[in-house]
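First the structure, in the form of structure tokens, and then the observations on it.
Every number here is computed from the coordinates shown, using simple stated rules; none is lab data. Fair warning: this is a prediction, and the values are worked out from it, not measured in the lab. Note: ideal-geometry Cβ built from the backbone for every residue, glycine included; neighbour counts use all protein chains shown.
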Amino acid sequence: MANPVLVEVTRGGRVESRHRGAAVAVDAAGQIIFSKGDTSAPIFPRSAVKAMQALPLVESGAADAYGFGDREIALACSSHSGQPEHVALAAAMLKAAGRDADALECGCHWPFNMKVSTRMAASGGKLTTLHNNCSGKHAGFVCVACHLGHSPAGYINYDHPVQGLVRDALGDLTGAHYGVDTCGTDGCSIPTYAVPLPAVAHGFAKMTTGEGLAPARAKAARRIIEACMAEPFYVAGSKRACTRLMELAPGKVFAKTGAEGVFCAALPEQGVGVAVKCDDGATRAAEAMVAAVLALLVEDEALRDGLRAIAGHSISNWNGIETGHLRVTEALL
């Protein structure tokens, strides 16, 4: 079935672009409480599940052994903007394990933050793997390997012990199958697995409540979610959607974006997880979709208004002239 149009972009009073997609909200018991589109089709959650992938960092004892607090744990869950604070903290995490940027196998790219990239280019700054948006997650993987006595070399490979721990955590949280037959390669070179949206949303609901998890895993999961909500800048960066969503109501919203139009979130007080996928991979549409679904679920009126402001807003050009609007459709509302 074709997914419904969930987001539109207008210009001059006309609809210029349409974004189709699917969205789902699931409680900790696995009950679907909201659904739009074909949510049964497996999708690659990509970076949206970094909080799940960070479980071994906490469960193994590596985070405590290396003295990591909320900021380090949040960075291990991040797709950061490559701002100086992000780069410095990733380097410090590696140093705690006796390693440096050479241990990272994520590759390098220019920082997402345009001002940072422009300054680096103008000053002749050296681009390293630390600037990769996934360097915090990869630093976490290196730390897990070192703490458990494994060589970190090849930690990105399917058969490395660290990735085995990640698969175990993902499977326990989502109840989905994680194997070679569902595996692809993520942008940062680690394995990524195709699973249905409800499984991902259920996993985040379980992370916030601990329902269905062993006590130690439930405690680690909650610690990760709370760290991200306490340090939203380290999950993304200045003016990024993840950071903005969590700053709206500290401690009430967890949010994490993924590549190709995936976005996940959770409402800890309600024990609900949310997962959306924009078919064409548009980030702007995924941001609107997840904010709109959260707005439908939250009980706090001020928070609802803030979420709606992210879900629908005016668009301006480089001269600051309003050119149109981004809005969610009646199909989603």
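Test of understanding: what is the full-extension gain from VAL15 to ILE315, defined as 0.36 nm times their sequence separation minus their Cα-Cα distance?
Gain in length upon complete extension: 106.7 nm.
So what's the angle, to the nearest 10 degrees on a 0 to 90 scale, between helix 84-96 and the longest Cα principal axis of the chain?
Once rounded, the angle reads 30 degrees.
Taking the mean number of other Cβ atoms within 10 Å as a proxy for protection, how do you rank 70-79, 199-208, 244-253 from highest to lowest?
199-208, 70-79, 244-253
For the stretch 55-136, what relative contact order do you get, as a whole percent, if you take Cα pairs closer than 8 Å and at least 6 residues apart?
Answer for the stretch 55-136 is 37 percent.
Among all the aspartates and glutamates, which ones have a C-alpha under 12 Å from LYS239's C-alpha, if same-chain residues fewer than 8 places away are not counted?
GLU247
Evaluate Rg over Rh across the stretch 160-259, taking Cα atoms for both radii and Kirkwood's formula for Rh.
Expressed as Rg/Rh, it is 0.98.
In whole angstrom, how long is each semi-axis of the equivalent ellipsoid of the stretch 208-294, when you take the square root of 5 times every eigenvalue of its Cα gyration tensor and sort them from largest down?
Each semi-axis is the square root of five times an eigenvalue, giving 22, 15, 11 Å.
Leaving out same-chain residues fewer than 8 places away, which aspartates and glutamates sit with a Cα under 20 Å from that of LYS36?
Partners within reach: GLU8, ASP27, GLU260, ASP279, ASP280, GLU287, GLU330.
Taking the chain as a Gaussian network, Cα atoms linked when under 10 Å apart, which of ARG11, ARG308, ARG167 shows the biggest mean-square fluctuation?
The residue that fluctuates most here is ARG11.
Less than 11 Å Cβ to Cβ from ALA331, Lys/Arg counted +1 and Asp/Glu -1: what total charge do the surrounding residues give?
+1
Stretch MET114-SER40 to full length: gain in nm at 0.36 nm per residue minus the Cα-Cα span?
Gain in length upon complete extension: 23.0 nm.
Against the longest principal axis of the chain, how steep is helix 114-123, in degrees 0 to 90 to the nearest 10, with axes from Cα atoms?
Once rounded, the angle reads 50 degrees.
So which of LYS50/LYS277; LYS95/LYS252; LYS50/LYS252; LYS115/LYS252; LYS95/LYS206; LYS126/LYS252 end up more than 28 Å apart by C-alpha?
Over 28 Å Cα-Cα: LYS95/LYS252; LYS115/LYS252; LYS95/LYS206; LYS126/LYS252.
Helix 283-297 versus the longest principal axis of the chain: what angle, 0 to 90°, nearest 10, using Cα atoms?
It is inclined by approximately 80 degrees.
When the scattering of the chain is computed by the Debye formula from its Cα atoms alone, each counted once and equally, what is log10 I(q)/I(0) at q = 0.08, 0.10 Å⁻¹?
One equal scatterer on each Cα of the chain leads to -0.35, -0.55.
Mind jotting down a quarter of the surface of the convex hull over the alpha carbons of the stretch 1-48, in square nanometres, one decimal?
The Cα convex hull of the stretch 1-48, projected and averaged over all directions, gives 5.0 nm².
To two decimal places, what compactness ratio does the stretch 134-180 give when its Cα radius of gyration is scaled by 2.2 N^0.38 Å?
1.16
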